[in-house]
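Everything below concerns the one structure shown next.
The values are calculated or read from the model by the stated rules, or taken from the named source; none is laboratory data. Keep in mind that what you see is a predicted model, and the values were worked out from it rather than measured. Cβ placement follows ideal geometry from the backbone for every residue including glycine, while neighbour counts extend to all protein chains displayed.
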Amino acid sequence: MLARLAACVFATLLTLAAAPVRAQEVDRIAAVVNDGIISNRDLDNRIRVAMMLSHLPDTMESRRRIVPQVLRKMIDEHLQMQEAKRLKIALTDKEIDNGIATIEHQAGMPPGGLKKQFDGTGIPFSVVRHQITADLTWMRVASAVLRPTVHVSNEEIADRLAIIKAHRGKPEYLAAEIYLPVDNLAQEDQVRNLGERLIEQLRQGTPFPVLASQFSQSPTAANGGSLGWVSEGTIDDKLLRALTQLVPGQITPLIRIEDGYHILGLVNRRIAGSDGANDPSAEVTFSQIILPLPASGGPPKDQLMEKAMELTHAAQTCDAFEAIGHRVGATKVGRIGPVRLGTLPPPVARLLGSLGDNQMTPPMEVASGLQVLMMCQRTGVAPLPTADEIRRRIENERLDMLTQRYLRNLRRAAFIDIRM
């Protein structure tokens, strides 16, 4: 279906970009979705919304890149709302208003800020409201239809609890996603180009939730792309590796995995089981080694850094770490703590706050040489989640997977006619 969308983009742009546009052209049908239609006017409004919210210039090139994704999302919304109508599921105005308020909060906007952006633009805010309504309604449909089919056994809860216990003391990441599917190779370049353009806009300050709600094809789009807290074993390994390279506020490059492209944003990071990775009241015990720097004329500093990392990386405990320091003649070897993070120099506190037990910092240059720190123990451990909390977490993971399958099945069974 989307291959055809791409082939029809140019003709669509000629129609939508013409000025002035004749009324009969904007009211022509762009697509038929079962017994519903998407007009050129509808499509043009959504393209303008997407470009305005993502700060893309309204040019032929921008339109060429985003038309397939926008039209695909509109087709999906028609299928979702048709299914909701069949099931007699509808949201109240108050529920929709609450959904809009949530998006504004995630994007750092004041109440009413989203609507205010459209004042004077000539774009009816009803276009945005309709999109948000479709996203929220689909979440309600999926929950009503699929959640009763999700069953989590006590054994599964016990297994997940064991994983959580084993993971305590290791990093986890509060992340958000934009997912751009590639259904066939003909779309590859177009989807990748769109992803790269979205990354440009994110780096220029466009709020992540805004772009996620407009372009992401994941169920998380309705929540501004929020993935919640993720860690090893909860998302694709390639995505997790990319997250580990970020600091809060950064985004990943475009990541290609089996079914499409992902852009991830890191909101925060913490140590699993701690009350807060950088909670100043948390108490830590850590070891340090300071390796001497040679006199002038010695090896370059980057080689010394690599050598220091090579010497210490094999240590699995603080005792082993300190033994290495003594063996190689470190000028200082010792254990510090327990001490509150808030009493340490801020750069040291930030480094230690992001470490799990028996994890090390990279070598750092200090006045007396190259310093490496290893976390030995952290206090202030948060309680383990309850069985009910674990059950809900597993249910939500399965519900997301089943929701994507549900929509794919609706697409396959639908009559979809692209008329551009």
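Among the residues of segment 202-209, not a single one is small (Gly, Ala, Ser) and within 15 Å of the chain's Cα centre (by Cα).
Does GLN80 satisfy the condition of being of a type outside the set (A, V, I, L, M) and modelled with pLDDT of 80 or more?
Values: of a type outside the set (A, V, I, L, M): yes; modelled with pLDDT of 80 or more: yes.
Here the answer is yes, as GLN80 does meet what is asked.
Within segment 162-187, residues that are closer than 12 Å to ILE271 by Cα sit with their Cβ atoms under 8 Å from residues that are of a type in the set (Lys, Arg), at 6+ positions apart or across chains, in these pairs: GLY169/ARG378; PRO171/ARG269; PRO171/ARG270; GLU172/ARG269; GLU172/ARG270; TYR173/ARG269; LEU174/ARG269; LEU174/ARG270. Looking across segment 59-73, just one residue is over 15 Å from ALA186 (Cα atoms) and in contact with a strand residue (DSSP E or B) (Cβ under 8 Å, 6 or more places away or on another chain), and that is LEU71. Considering only residues that are of a type in the set (Gly, Ala, Ser) and outside any loop (DSSP other than H, G, I, E, B), look in segment 169-215 and name the one that is farthest from GLU258 (Cα to Cα). Here the answer is SER213. Of the residues screened, ARG350 is not one that is in contact with an Asp or Glu (Cβ under 7 Å, 6 or more places away or on another chain), charged (D, E, K, R) and in contact (Cβ under 8 Å) with a residue 60 or more places away in the chain.
If you check LEU351, LEU355 for being assigned to a loop (DSSP other than H, G, I, E, B), under 19 Å from VAL284 (Cα atoms) and either modelled with pLDDT of 80 or more or in contact with a strand residue (DSSP E or B) (Cβ under 8 Å, 6 or more places away or on another chain) (or both), only one passes: LEU355. Of the residues making up segment 307-348, those that are within 28 Å of ALA166 (Cα to Cα), part of a loop (DSSP other than H, G, I, E, B) and within 32 Å of the chain's Cα centre (by Cα) are HIS313, GLN316.
Those residues that are among the hydroxyl-bearing types (Ser, Thr, Tyr) and surrounded by 13 or more Cβ atoms within 10 Å (Cβ to Cβ), I need them from segment 332-363; list them, please. Before the answer, list the steps.
Here is the first cut: in segment 332-363, the ones among the hydroxyl-bearing types (Ser, Thr, Tyr) are 343, 354, 361.
SER354, THR361 - these are the residues of segment 332-363 that are among the hydroxyl-bearing types (Ser, Thr, Tyr) and surrounded by 13 or more Cβ atoms within 10 Å (Cβ to Cβ).
Matching residues to (1) hydrophobic (A, V, I, L, M, F, W, C); (2) surrounded by 16 or more Cβ atoms within 10 Å (Cβ to Cβ); (3) modelled with pLDDT of 90 or more:
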residue: PRO171; (1), (2), (3): no, yes, no
residue: PRO181; (1), (2), (3): no, yes, no
residue: ASN193; (1), (2), (3): no, no, no
residue: VAL210; (1), (2), (3): yes, yes, no
residue: PHE215; (1), (2), (3): yes, yes, no
residue: GLY233; (1), (2), (3): no, no, no
residue: PRO248; (1), (2), (3): no, no, no
residue: ILE271; (1), (2), (3): yes, yes, no
residue: ALA282; (1), (2), (3): yes, yes, no
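Got a sec? Which of ARG393, ARG408 is of a type in the set (D, E, K, R), in contact (Cβ under 8 Å) with a residue 24 or more places away in the chain, in a helix (DSSP H, G or I) and more than 12 Å from THR285 (Cα to Cα)? After applying the criteria, what remains is ARG393. Per the conditions (1) surrounded by fewer than 21 Cβ atoms within 10 Å (Cβ to Cβ); (2) in a helix (DSSP H, G or I), the sole criterion not satisfied by ASP58 is (2).
Selection of segment 295-306 for residues being modelled with pLDDT under 75 and either assigned to a helix (DSSP H, G or I) or within 17 Å of THR361 (Cβ to Cβ) (or both) yields LYS301, ASP302, GLN303, LEU304. Residues being over 22 Å from GLU61 (Cβ atoms) and charged (D, E, K, R) are represented in segment 211-232 by at least one member.
Cβ-Cβ distances below 9 Å connect the following pairs, each with a first residue in segment 229-242 that is assigned by TED's automatic domain parsing to the domain that holds ILE257, a second residue that is in a loop (DSSP other than H, G, I, E, B) and of a type in the set (A, V, I, L, M, F, W, C), and a separation of six or more residues or different chains: TRP229/ALA272; SER231/ALA272. Count, please, the residues in segment 83-117 that happen to be without any contact (Cβ under 8 Å) to a residue 12 or more places away in the chain and under 23 Å from ARG72 (Cβ atoms). Going through segment 83-117 one residue at a time, the tally reaches 2.
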